[in-house]
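To start, the structure under review is shown below, and the notes come after it.
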2 protein chains.
Amino acid sequence: MNRSGYRPDKPATIKDVARALNISISTVSRALRNMPDVNQDTRQAVLRKVEELDYQPNQIALSLITQKTHTIGVIIPNLDYFFSMAVRGIDDMALETGYTVMICQSNESFTREMVNTQRLMKGHVDGLIVSNASDSINTEQYERLLAKNFPIVFFDRANAQLNATKVILDNISGASQAVTHLIEQGCRRIAYLAGPANLSISQQRMIGYKDTLQKFGLTIDESLIVYSEFDRDFAYRSTLALLERPDRPDAIFAVSDRLIVGALLAIKEKGIKIPEDIALVGFNDEPVVSLLSPPISSVAQSAFDMGRLAAKLLVDQLNSDHVLPPQTIMLKPTLKKRASSIRRFDPPIG
Amino acid sequence: MNRSGYRPDKPATIKDVARALNISISTVSRALRNMPDVNQDTRQAVLRKVEELDYQPNQIALSLITQKTHTIGVIIPNLDYFFSMAVRGIDDMALETGYTVMICQSNESFTREMVNTQRLMKGHVDGLIVSNASDSINTEQYERLLAKNFPIVFFDRANAQLNATKVILDNISGASQAVTHLIEQGCRRIAYLAGPANLSISQQRMIGYKDTLQKFGLTIDESLIVYSEFDRDFAYRSTLALLERPDRPDAIFAVSDRLIVGALLAIKEKGIKIPEDIALVGFNDEPVVSLLSPPISSVAQSAFDMGRLAAKLLVDQLNSDHVLPPQTIMLKPTLKKRASSIRRFDPPIG
DNA sequence: TTGTATGCGTTATCAG
DNA sequence: CTGATAACGCATACAA
């Protein structure tokens, strides 16, 4: 007994059904799959016996033949609010289309992301839905898979160089909306908690930030830009440092709500007024930011929709009999304006 | 071509390796699994060819033989903070022990929980880790699986009648700590947002709540107990109603942080002082509660540890060659005391 | 030390 | 209408 480990009682196979009825396997198989050419009485007998023996087709055997598992692999950096919602969207679409979802978290580690990819490939998922870890740089492994025409859909965090199907946010627009709003509220020195430098979302939001400043004729002060991991405590400390400066900023925009919350804690600790002295805008519109004092403005996107859409694109590829060309779908974010950034009465409260 | 749908380029099989070297399949198989009785030269040649062809064993074929997929099915009601952390713990242990995790969310729906169970069973998971939906009542399906000795571990929300392996919290202790603390702070009319009546965690926490009141000689006022789903808005409205009463409560304890946040919003809206007029204690210690004004006290547990432990118990069963007897592991919660409930200076701030 | 044959559970292709 | 058999990719008992 080399196949070690405990195994539950063996379920009935198609063979058992056939034997019990003294007919051949193929007849049972045909009866079960509603093929024509099968006697009604035989079919009824099979159906009854199947019920009696609680027979269920062995998916593994089917997979061996079709080389399909009806399983989708999902690789995400973490399970924070955004990705939880995205996973819910993916699982939702998977349920509708008859797939099951295998989820692995990279914990923001590129190494673990690669390990998870291999893990899922070994488990023979039919396709992959990926959002990169914050220290992801190398795309070699994905390129190799894509070269073999293995179906992958990237969402949210997707390497810009990679020629693959993606569902992403219009991050430039999101950042632009945030910065425009801050400028309209009278802010002139807008600091930016920029997140991990190599992530596409960071880079795109940075473009939106800088372009908007320039569009309004404001100078870009690189010393007001702080790169970091998605670490609330780091944002807290960075903000304290920004507040120490004689020319301290009059607004802070952050690449994620996690960071803007860190900023909020630092500012409140210093007793500086929000939004009068410093206005705040975050990104993702997590539920928590609307509960804080003051409620924090944030760029909102629907992670659920993004997840559903990513799953949809993947399933479309899986159900297609030819290779679909890569496409990039860009979703539009909307700014939720709240007390943390509203200094004047002109703009309506969102 | 009945096997519809696109499939990526076929990977090399053990046959390809054998053919390329003009040797038999079994020799390749042996060489690969470091069996003795195999010529060093042959082994080297095989290894080289395997590298060259990028051959990887087909797990599906292996699964067909062993009837094991090295996959764990996870069924959870949602992916809020608690369950996200639990899933992280499960995935962590799975990675360590060579398993992959299939996750399905029931969205608090018993029907969907059943559908997901079938979905995972069809996908031939080796075992199941389950936390029930809030409207779960019927345990028939699990009983049937357990009767077949199919390995299942329940965690957090586990039906009390079911004779199965469980990892749960000492909910009575958690509620007792919370209520004791409130009483020590001078509260005498403690309302309870009790959650779904049929959930084991609700029932256990209710026992802790009532027993503690009685222990301190306080009467139980059933009109201060409100059942509900895990719905923040419902808690908000229930609290508004409680506040209308002439004999309004001087404290609210809630079965979950989601509900206590709803209560907080209602109380702040009414301009009632926390903790002077009403003290608050929640359950789960989600990060959000420590960020609110005032920070809310909460009964803390480690969802991550619970997840890891549940996975550990399941893997132990999977790796054992006999059926392990059901066991229930009970974890101890600790109360985090914060401003929402601290009226006196005697107890230290947790 | 290596090769051959059988089986895992199912479908598909033939014959009958 | 039904049955026998090959095949999916691999491990393994048995032969050589």
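The values are calculated or read from the model by the stated rules, or taken from the named source; none is laboratory data. Owing to the predicted nature of the structure, the values given are computational and were not obtained by experimental measurement. All Cβ positions, even for glycine, are placed from backbone atoms using ideal geometry, and neighbour counts span all protein chains on display. Remember, those area values only see protein heavy atoms, side chains included, never the ligands or the DNA or RNA. Shrake-Rupley method; radii C 1.70, N 1.55, O 1.52, S 1.80 Å.
Which of the lysines could a cross-linker span from A:Lys268 if the Cα-Cα distance has to be under 23 Å and same-chain partners fewer than 8 positions apart are dropped?
The qualifying lysines are A:Lys336, A:Lys337, B:Lys268, B:Lys273, B:Lys336, B:Lys337.
Carbon and sulfur together cover what percent of the accessible area of chain B at a 1.4 Å probe radius?
The computed percentage sits at 52.
Non-local amide H neighbours of B:Thr328 (under 5 Å, H modeled in plane, Pro and chain starts lacking H): which ones?
Answer set, sorted by chain and number: B:Lys166.
Along the charge dipole of the protein assembly as shown, which of B:Thr139, B:Ile75, B:Ile60 sits closest to the positive end, that is, farthest toward it, with unit charges on the beta carbon of Lys, Arg, Asp and Glu (+1, +1, -1, -1)?
The one lying farthest along the dipole's positive direction is B:Ile60.
Taking the label point 7 Å from Cα in the Cβ direction, how far apart in nm is A:Thr328 from each other copy of itself, listed shortest first?
5.5
If you roll a 1.4 Å probe over the heavy atoms of the protein chains, what accessible area per residue do you get for region B:171-301, in Å²?
35 Å²
Compute the label-point distances linking B:Lys10 to its equivalents in the other copies; points lie 7 Å from Cα along Cα→Cβ; give nm, one decimal, shortest first.
Label point to label point, same position, other copies: 3.0 nm.
Once you charge only the Cβ atoms, +1 for Lys and Arg and -1 for Asp and Glu, what is the size of the charge dipole of region B:253-334 about its Cα centre, to the nearest 20 debye?
Roughly 120 debye, rounded to the nearest 20.
So what are the ³J(HN,Hα) numbers for region A:293-305, from phi and the Karplus equation (6.51, -1.76, 1.60; θ = phi - 60°), rounded to whole Hz, Gly and Pro as x?
Coupling constants for region A:293-305: 10, x, x, 9, 5, 7, 7, 9, 9, 9, 5, 4, 4 Hz.
Which whole number gives the average, over all residues in B:282-293, of C-beta atoms from other chains lying within 10 Å of the residue C-beta?
3
Can you tell me the alpha carbon radius of gyration of region B:14-65 divided by the globular rule-of-thumb value 2.2 N^0.38 Å?
Dividing the Cα radius of gyration by 2.2 N^0.38 Å gives 1.08.
Could you give the Stokes-Einstein D for the protein assembly as shown in µm² per second, using the C-alpha Kirkwood radius, 4 °C, 1.567 mPa s?
The estimated diffusion coefficient comes to 46 µm²/s.
Among B:Asn116, B:Asn198, B:Gly174, whose Cα projects farthest towards the positive end of the dipole of region B:104-239, with charges put on the beta-carbon of Lys, Arg (+1) and Asp, Glu (-1)?
The residue sitting farthest along the positive end of the dipole is B:Asn116.
Suppose every K and R has +1 on its Cβ and every D and E has -1 on its Cβ; what is the size of the dipole of region A:14-65 about the Cα centre, in Debye to the nearest 20?
About 120 debye.
Determine the shielding of peptide B:98-105 by partner chains: average, over its residues, the number of Cβ atoms on other chains within 10 angstrom of each Cβ.
Going residue by residue through B:98-105 and averaging, the value is 6.
Report relative contact order for region B:14-65 in percent, whole number only (criteria: Cα-Cα under 8 Å, sequence separation at least 6).
35 percent.
What is the dipole size for chain B, taken about its Cα centre, with +1 at each Lys and Arg Cβ and -1 at each Asp and Glu Cβ, in debye to the nearest 20?
420 debye
Along each of its three principal axes, how wide is the spread of alpha-carbon positions in region A:98-154, in whole angstrom units, largest first?
Between the extreme Cα coordinates on each principal axis of region A:98-154 lie 32, 23, 18 Å.
Using a 7 Å offset from the Cα along the Cα-to-Cβ direction at both A:Ser223 and B:Ile220, what is the distance between the two label points in nm, to one decimal?
6.6 nm
Among A:Thr219, B:Met102, B:Gly271, whose Cα lies farthest out toward the positive end of the dipole of the protein assembly as shown, if unit charges sit on the beta carbon of Lys, Arg (+1) and Asp, Glu (-1)?
B:Met102
Per the Cauchy relation, a quarter of the hull surface: what is the mean projected area of the convex hull of the alpha carbons in region B:171-301, in nm²?
With the hull built on Cα positions only, its mean projection is 6.9 nm².
Roughly speaking, what is the centre-to-centre gap between region A:265-317 and region B:193-225 when only Cα atoms are used, to the nearest Å?
Using only Cα atoms, the two centres lie 36 Å from each other.
Under the definition of partner shielding as Cβ atoms of other protein chains within 10 Å of a residue Cβ, what is the mean value for peptide B:85-94?
Counting Cβ atoms of other protein chains within 10 Å of each residue's Cβ and averaging gives 2.
I'd like to check one number: the per residue accessible area of region A:40-131, probe 1.4 Å, reported in Å² as a whole number.
Per-residue accessible area for region A:40-131 comes out at 38 Å².
Chain pair A, B: how much accessible area is buried, both chains summed, with a 1.4 Å probe, in Å² to 100?
In total, chains A and B hide about 5300 Å² from solvent.
How many nanometers, to one decimal and shortest first, lie between the label point of B:Lys273 and those of its other copies, if labels sit 7 Å from Cα toward Cβ?
Its label point is 2.5 nm from the equivalent points in the other copies.
Using the Cα atoms as the points, what is the convex hull volume per residue of chain A in Å³?
191 Å³
Highest mean first, how do B:235-245, B:279-289 rank when packing is the count of other Cβ atoms within 10 Å averaged over residues?
The packing order, highest mean first, is B:279-289, B:235-245.
Near the amide H of B:Val299, under 5 Å away, which other amide H atoms are found, from residues 5 or more places off or on another chain, if H is placed in the peptide plane?
Long-range HN contacts for B:Val299: B:Gly282, B:Phe283, B:Asn284, B:Asp285, B:Lys336.
Remind me, relative contact order of region A:213-350 in percent, using alpha carbon pairs under 8 angstrom and six or more residues apart?
Computed value for region A:213-350: 20 percent relative contact order.
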